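Below is one structure; the comments refer to it alone.
The values are calculated or read from the model by the stated rules, or taken from the named source; none is laboratory data. Just so you know, these numbers come straight off a predicted model, no measurement behind them. Virtual Cβ from ideal backbone geometry, glycine too; neighbours counted across all protein chains shown. Surface areas here come from the heavy atoms of the whole protein model, side chains and all, with no ligands, DNA or RNA. Shrake-Rupley method; radii C 1.70, N 1.55, O 1.52, S 1.80 Å.
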Amino acid sequence: MDVQKYNVVGAILGKSDFVKRCNRMDVTPNSSQHQIKNGDILLTYIGMLCMGKPQYQAVHEMDDDQEFYKYALGITHSIPSEETLRQRMDDIGDSLRSRILAENVKMLHMNGIVPFKLPNGYVPVDIDVTPFDNSKTRKEGVSRTYKGYDGYAPIMAYIGTEGYLVNAQLREGKQHCQCGTPAFLRETIALYRQITDEPLLIRLDTGNDSAENIGILLESGCYFIIKRNLRRESKDGWSEMAKANSQNITIPREGKTVYTGSDWKPVTYTTEDGVEKNVTIRTGCEIIERTIDKYGQFLLPSDIEANTWWTNTGMTDAEVIQNYHAHGECEQFHSEIKTDMDVERLPSGKFETNELVLELTMIDYNILRMIGQETIGGRGPKPRHKVHRRRLRTVIGNLIMLASHITTHARQVVMGLGRSNVWRHAFASKIVSLYGHTHV
């Protein structure tokens, strides 16, 4: 199999002219003296990220066979040294953010990605902050996070049940999750509209319970489920309302009663044009009253737990609760970025460089996700249980770090896969989807 033509990561990246545009971009006054172009820098680092190795020193692993990696990634000149990679990443910084976001969406389009919908027809959109532990470092922007350690607090935005990453923004660890979120929300919705015309269901945690967010979502025509912050509202007041009005009462066990229902609350927000609007929004609620704890201990007074949500959907109260709980799946997406791709401890001491790393992570994450999705339901190894998403660790270990035999013949580099490799058919199927044929 011709490596230059049949490398999956290189093939996906080769469909766009993003790298060529980067090669023409001036990032330093003496850019004309650079023999290694910006595109080669980004391609090299993207290749490192796809192997789960974001630290700069990992580039030395390419030293023994640079020609192979040049073929595989489509690098035109040469693999940069660790020092060149570090310096050029610092030069580029956050200057490519808008281009990377646009290229990320374009890449999903060109590979025919259609985000999976929920059974109710909505396309789920999960937006959440996840702390990156960078403790015991003096990196720019590292500060105390709400998790109790020093690090960053980036915000991520995923779409579809597969969890494609459409937007990400690096933030200082001490920054509150709502600070800067309205602008991020507008930017993210604009990107989502380029991917799908289906109705979007935006799911947000209690830290983003803001009238401004609700106004942005209403004005953009999005549906939403936002966990409410009770603030000074009384749990007893919600309990009395639920007991008086709830039509859905369940008793999961002795001493525990769950009341599910809805109420309506006024919200006032200001549009981008400065117009103030007053609306009434449905508030779903789940009130749990415990008179006996799970160990059989009687409670006096009763323990009251009140969970409420803003929503403008037509779902039943139980469906609202179920769909918000499904929002927790984005924690798995965070975990894959932080552990499988090993991006949690960012490599640079400069904040803008780490922003670039996180933005390139979006592209790598989606490449790995696309490769993983292609292996489901095909001739790849059958999982014991039905799955709808491959974990990135599986993709990296079995399809990126793929054992093969490399030979050179007739001025071509040929990659041979052993017949004993159970992932060879999954690898070949992705090649077929990209090119329509293969020689595996």
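Are any residues in the stretch 107-119 more than 15 Å from Ile159 (Cβ to Cβ) and either at pLDDT 90 or above or β-branched (Val, Ile, Thr) (or both), and if so, which ones?
Of everything in the stretch 107-119, just one residue is more than 15 Å from Ile159 (Cβ to Cβ) and either at pLDDT 90 or above or β-branched (Val, Ile, Thr) (or both), namely Pro119.
Does the stretch 77-123 hold any residues that are without any contact (Cβ under 8 Å) to a residue 40 or more places away in the chain and either among the small types (Gly, Ala, Ser) or open to solvent by 20 Å² or more (accessible area, probe 1.4 Å) (or both), and which are they?
Matches in the stretch 77-123: Ser81, Glu82, Glu83, Gln87, Ser98, Ala102, Gly112, Pro119.
Conditions (1) touching a Phe, Trp or Tyr at 6+ places or on another chain (Cβ under 7 Å); (2) open to solvent by 20 Å² or more (accessible area, probe 1.4 Å), marked per residue:
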{"position": "Lys139", "(1), (2)": "no, yes"}
{"position": "Thr145", "(1), (2)": "no, no"}
{"position": "Gly148", "(1), (2)": "no, yes"}
{"position": "Pro154", "(1), (2)": "yes, no"}
{"position": "Leu170", "(1), (2)": "yes, no"}
{"position": "Gln178", "(1), (2)": "no, yes"}
{"position": "Thr181", "(1), (2)": "no, no"}
{"position": "Gln194", "(1), (2)": "no, yes"}
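Starting from residues that are open to solvent by 30 Å² or more (accessible area, probe 1.4 Å) and among the small types (Gly, Ala, Ser), keep the ones in the stretch 340-377 and report whichever is modelled with the highest pLDDT.
Looking at the filtered set, the residue picked out is Gly349.
Would you say Asp236 is outside any helix (DSSP H, G or I) and modelled with pLDDT under 95?
no
Considering every residue within the stretch 73-94, establish whether at least one is part of a loop (DSSP other than H, G, I, E, B), in contact with a helix residue (DSSP H, G or I) (Cβ under 8 Å, 6 or more places away or on another chain) and more than 30 Å from Thr407 (Cβ to Cβ).
yes
For residues that are assigned to a loop (DSSP other than H, G, I, E, B) and farther than 14 Å from Ile155 by Cα, scanning just the stretch 196-207, find the one that is least open to solvent (accessible area, probe 1.4 Å).
My answer is Thr196.
Take the residues of the stretch 240-288 that are surrounded by 14 or more Cβ atoms within 10 Å (Cβ to Cβ) and more than 22 Å from Tyr324 (Cβ to Cβ): which is modelled with the highest pLDDT?
Among residues in the stretch 240-288 that are surrounded by 14 or more Cβ atoms within 10 Å (Cβ to Cβ) and more than 22 Å from Tyr324 (Cβ to Cβ), the one modelled with the highest pLDDT is Gly255.
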